[in-house]
Structures are given as C-alpha cells and as structure tokens.
1. Any idea of the accessible area per residue across segment 20-90, 1.4 Å probe, to the nearest Å²?
2. Sorted by packing (mean other beta-carbon atoms within 10 Å per residue), highest first, where do 79-88, 62-71 land?
3. I need the phi-derived Karplus couplings for segment 40-48: 6.51 cos²θ - 1.76 cosθ + 1.60, θ = phi - 60°, integer Hz, Gly and Pro marked x.
4. Given labels modelled 7 Å from the Cα in the Cβ direction, how far is it in nm from Ser68 to Ala25?
5. Could you check the simple spin-label distance between His13 and Asp86, using points 7 Å along Cα→Cβ, in nm with one decimal?
6. If the cut-off is 17 Å between C-alpha atoms, which lysines fall inside it for Lys8, apart from same-chain ones fewer than 8 positions away?
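The values are calculated or read from the model by the stated rules, or taken from the named source; none is laboratory data. Model, not experiment: these values are computed from the prediction. Heads up, the Cβs are rebuilt from the backbone with ideal geometry, glycines too, and the neighbour counts pull from every protein chain shown. Areas reflect the complete protein model, heavy atoms only, side chains present, ligands, DNA and RNA absent. Shrake-Rupley method; radii C 1.70, N 1.55, O 1.52, S 1.80 Å.
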Amino acid sequence: MDQNTEWKTEEYHQHDMHVLAQHRAVENPELPGHGAQWDFTVKVTPHGLGREAGEAETVRSDPNIFYSTQAIAENMGFLKGREIIDGRVKAGDSAAGHGGQTL
C-alpha cells in the first residue's frame, strides 16, 4: 500500500494543528462502503512548539467512522483541530496552554 505518512501543519489562532492521515492498519469489515479506510491523528500545540511538545493535545478520529480518501481525513483532522482551539479561545485560555482541560 503506497501511503503518504507526512504530517501537515496549519496555524490557527496562535496555535498549530498537526495532522497525520493514515490508512487504517486493520480495516473494520463491519463499516459500510468500499475502497480504503482512512483515519487521522491531530496534535494541537501553541504556535511554534512543534508536534512533539509536552503541551501537545492529541486526538484520534473515531474508530467507528472512516474516511474514503487521505484528503478527506486530513480535512476532518484540521476541522477537529479548529474545534479544539476554538474551545480554548472561547474559554479564555492563553496560547501557552489550556489549564489541563480535557476536550
């Protein structure tokens, strides 16, 4: 399987969203549809710290949902990243962290 396993990064409201879309290691045969099953991992960090920073909040896509292409999985990862950041900004948290809040 030829898959691109490159992290992609976008900045949003002084945070960075790092998204990795991957073919599922084990596809779920109970999910309807055909073709490949993709999922994503998103790491949200304060801008400039990098995805391996201790402050990184990591979220994985729902295992009961799959995306049919890499591009869709990436887009959904960035959407989830924006939701996390919007929750931080709305809560008044600084770019330096989110006070241990679980989202």
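1. Details: 3980 Å² over 71 residues.
That works out to 56 Å² for each residue.
2. Values: 79-88: 18.0, 62-71: 13.4.
Descending packing order for the listed peptides: 79-88, 62-71.
3. Computed from phi, the couplings for segment 40-48 are 9, 10, 10, 10, 10, 9, x, 3, x Hz.
4. Computed distance between label sites Ser68 and Ala25 equals 2.7 nm.
5. It works out to 0.8 nm between the two label points.
6. Once the sequence-local lysines are set aside, what remains near Lys8 is Lys43, Lys80.
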